[in-house]
Amino acid sequence: MIKKFFSRSYTQIDEQERLSIIEKSSKQVSRGVFYSTIIIITSFLPVFMLTGQEGKLFHPLAYTKTFIMLVDAVLVVTLAPVIISFFMKGKFTGENKNPLNRFLEKIYEPIIRVCMKWRKTTIGVNLLALGVSVPLLLSLGSEFMPPLDEQSILFMPVTLPDVSNEEAKRILQVQDKIIKSVPEVDKVLGKAGRASTATDNSPISMIETIIMLKPKSEWREGITKKDLINELDAKMQIPGVVNGWTQPIINRINMLATGIRTDVGIKVYGQNLDSIYVLSERVKAALQGIPGVKDLYVDPITGGKYLTIDINREALGRYGLSVNDVNVLVESAIGGSPIGQTIEGRQRFSISARLAQDYRNSIDQLNRIPVKTPALGTIPLSAIATIRFEDGPPMITSENAMLRGAVLFNVRDRDLGSTVKEAIEILNTKMGALPNGYYLEWSGQYENLIRGQQTLLVILPVVLLIIFISLYLAFKSIREAFFSLITVPFALIGGAYMVYFYGVNLSVAVAVGFIALFGIAVETGVVMVIYLNDAMQQLVKLRGNSRETISMEELKEYVIAGAAKRLRPKIMTVSVALFGLVPVLWATGVGSDVMQPIVLPMIGGVLTSSTHILLVTPLIFLMTKEYELKKFGKIEVYEAHH
């Protein structure tokens, strides 16, 4: 808006006329600027449709941006003209006296003239660049969210279900010692089994070790976190132990949201645990060797050890005992029976009594447990019962009223989307038809990825529709709205190139970046269309609106003037966006790996959309006006409505 006044040559005028000029100039640009701000706001509103993890992450961003832009939309039509009236006083030099303006116009004007001379080539190059960007986007990998570097590692190995407490403790100590030997590791804290909470159902065979890393400035030169995990994994190859590597926060989120503690899980549903186990092993065998699949293992369904005591009822009758007598004895001797309670502050603990460890640590010792009979004295437990170990499920998991097993794996060195896609194709080929009552279900991060993609398929068309409606309300013309909206696909060019060459996978974060880009790109296009229409109004005012009075050369010169003589506000619009976004590319702190996929499409898109707006939009505008002049004998001029 301020730019409007720099083009006025200095003439001594009274206060009333000065305010009148400010009012007129403000009306000319305020409508476009106001609707540009509204477009940025409304194009970001569909982000509120995101749910789950992505919703919790991006809703604060959407709220912040929406409220800021709402205030900006009000201030641009209320406060800005008032501030201009206070400060735009005195003598102003002409715009052509500004060295920056002269430099920009000296470069820009010859280029725009070449573009108007070689019209088909200019449009063809843009369409070619747009066509190339589509396969680039399609070739990118996909993931749910870019991984956040938590600056720590969670090591989750799983060993045999029947591992003893002593063996689990020994494995844990050995692993912690090996991990601590790596120079980049600061602290190691491991646990086996479950915590003192009802929400933790971890068996003793599942170990969780949190690895705190030193600051990256203290790492060996050239080593990355991925290299560190690969090095640790190579050192932790212990027989009978399946390694798993993730991060503490995302692991808890995955477990709470999907019940899967790895990146991806295949849930196997059915009616029989043995059949589920067989199917799970077939799935695991099919997935082995797929690039990107790491830490592959089957959630244990068998391998648990159960102590079975079969009571001989005939022997019970001979000795005058009942089944309940034996059950009470077994409970007291092996499990322990409560004999009292201790109070420590506000906590209460039960006191149980049972046989000492030496008298119950083997089947032979259990067979010797004395049983008192009513008439025949004391007999060993083996006289009335058979004791043996049996295999069984270490833990029974059910979902949706069905038994469930799971095949779990993490994804490294490849994107999540293509890895799972290949896995699905291989499973469909190798598994064939499953038995009746059994089925597979993909879960984990892939479940979130599918949900996010389905939401975005609804969001993106809604964004474009909202932008078009807002543009129509701004210009009261479908054609003028199209001139501004056409910048959106060309903004896609730079965004696609930036995302591709930075090696970033498509994710919800990248999609949010493109959504934000569309609003910014349209804003710059609105500014250009406003000034091109202003040039047409000046032409009609000077020459009249007729084919006899307006020549094609005059029309071209006025379009060039509308594009070139108002170059600075367009460059300012682009520069402000870039100055705010580019520093994120050099950010290295926590969260930068999530922010960069958002700003990459915005930076690239702003650059290509501004190039399109400066070179192609005036060309299309000129071709449209020439067509109107030839066919209708006049050009359509859109006045600013207030």
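Annotations
- Single residue of Tyr269, Tyr319 found to be aromatic (Phe, Trp, Tyr), in contact with a strand residue (DSSP E or B) (Cβ under 8 Å, 6 or more places away or on another chain), surrounded by 14 or more Cβ atoms within 10 Å (Cβ to Cβ) and under 30 Å from Gly417 (Cβ atoms): Tyr269
- First in segment 289-316 and on the phi > 0 side of the Ramachandran plot, second anywhere and open to solvent by 50 Å² or more (accessible area, probe 1.4 Å) and of a type outside the set (A, V, I, L, M), Cβ under 7 Å, 6 or more apart: Gly292/Asp413; Gly292/Arg414; Gly303/Asp162; Gly303/Asp391; Gly303/Pro394
- The single condition among (1) farther than 30 Å from Leu622 by Cα; (2) under 25 Å from the mean Cα position of the chain (by Cα); (3) not small (Gly, Ala, Ser) that Val134 does not satisfy is (1).
- Matching entry among Val174, Val158, Val163 (being open to solvent by less than 30 Å² (accessible area, probe 1.4 Å) and more than 29 Å from the chain's Cα centre (by Cα)): Val163
- Test: residue in segment 79-94 that is modelled with pLDDT under 80 and either under 24 Å from Val529 (Cβ atoms) or open to solvent by less than 30 Å² (accessible area, probe 1.4 Å) (or both): yes
- Considering segment 325-354, the residues that are over 21 Å from Ile387 (Cβ atoms) and charged (D, E, K, R) include one that is most open to solvent (accessible area, probe 1.4 Å), namely Arg346.
- Of the candidates Val582, Val576, the single residue that is out of contact with any strand residue (DSSP E or B) (no Cβ under 9 Å at 6 or more places or on another chain), among the hydrophobic types (A, V, I, L, M, F, W, C), surrounded by fewer than 17 Cβ atoms within 10 Å (Cβ to Cβ) and without any contact (Cβ under 8 Å) to a residue 12 or more places away in the chain is Val576.
- Residues in segment 329-371 that are touching a residue at least 24 places away in the same chain (Cβ under 8 Å) and in contact with a Ser or Thr (Cβ under 8 Å, 6 or more places away or on another chain): Val371 only.
- Tally of residues being free of Cβ contacts under 8 Å to residues at least 60 places away in the same chain and either assigned to a helix (DSSP H, G or I) or touching a helix residue (DSSP H, G or I) at 6+ places or on another chain (Cβ under 9 Å) (or both) across segment 406-452: 6
- Within the span defined as segment 582-598, every residue fails to be within 29 Å of Glu480 (Cα to Cα), in a helix (DSSP H, G or I) and not basic (Lys, Arg).
- When restricted to residues that are outside any helix (DSSP H, G or I) and more than 14 Å from Leu434 (Cβ to Cβ), segment 242-295 contains 21.
- Residue within segment 182-191 that is touching a helix residue (DSSP H, G or I) at 6+ places or on another chain (Cβ under 7 Å), farther than 27 Å from Ile223 by Cβ, surrounded by 12 or more Cβ atoms within 10 Å (Cβ to Cβ) and at pLDDT below 90 present: no
- Within segment 487-506, the residues that satisfy the criterion of being open to solvent by less than 10 Å² (accessible area, probe 1.4 Å) and not hydrophobic (A, V, I, L, M, F, W, C) are Thr487, Gly494, Gly495.
- Selected residue [more than 24 Å from the chain's Cα centre (by Cα) and either open to solvent by less than 30 Å² (accessible area, probe 1.4 Å) or under 30 Å from Arg388 (Cβ atoms) (or both)] from Lys305, Lys235: Lys305
- The set of residues from segment 367-402 being charged (D, E, K, R) and either in a loop (DSSP other than H, G, I, E, B) or closer than 13 Å to Tyr319 by Cβ (or both) comprises Arg368, Lys372.
- Filtered residues of segment 383-438 (kept if of a type in the set (Phe, Trp, Tyr) and surrounded by 20 or more Cβ atoms within 10 Å (Cβ to Cβ)): Phe409
- Cross-chain or 6+ apart pairs with Cβ under 8 Å, segment 604-625 first and open to solvent by 30 Å² or more (accessible area, probe 1.4 Å), then part of a helix (DSSP H, G or I) and among the polar types (S, T, N, Q): Leu615/Thr122
- Applying the criterion of at least 2 residues that are within 25 Å of Pro461 (Cα to Cα) and touching a residue at least 40 places away in the same chain (Cβ under 8 Å) to the helices (runs of 4 or more DSSP H) found wholly in segment 46-153 leaves 52-77, 119-139.
- Any hit, segment 543-550, residues being at pLDDT 80 or above, part of a helix (DSSP H, G or I) and either surrounded by 17 or more Cβ atoms within 10 Å (Cβ to Cβ) or of a type outside the set (A, V, I, L, M, F, W, C) (or both): no
- Subset of segment 276-326 that is in contact with a helix residue (DSSP H, G or I) (Cβ under 9 Å, 6 or more places away or on another chain) and of a type in the set (Asp, Glu) - its residue that is nearest to Arg404 (Cα to Cα): Asp299
- Residue match in segment 490-501 (condition: within 30 Å of Ser610 (Cα to Cα), touching a helix residue (DSSP H, G or I) at 6+ places or on another chain (Cβ under 8 Å), free of Cβ contacts under 8 Å to residues at least 24 places away in the same chain and among the β-branched types (Val, Ile, Thr)): no
The values are calculated or read from the model by the stated rules, or taken from the named source; none is laboratory data. Predicted, not measured: the structure shown is a model, and the values here were computed from it. A quick note on method: Cβ atoms are made from the backbone with ideal geometry, for glycine too, and the neighbour counts reach across all protein chains shown. Side chains are part of the model used for accessible areas, which takes the heavy atoms of the whole protein and leaves out ligands, DNA and RNA. Shrake-Rupley method; radii C 1.70, N 1.55, O 1.52, S 1.80 Å.
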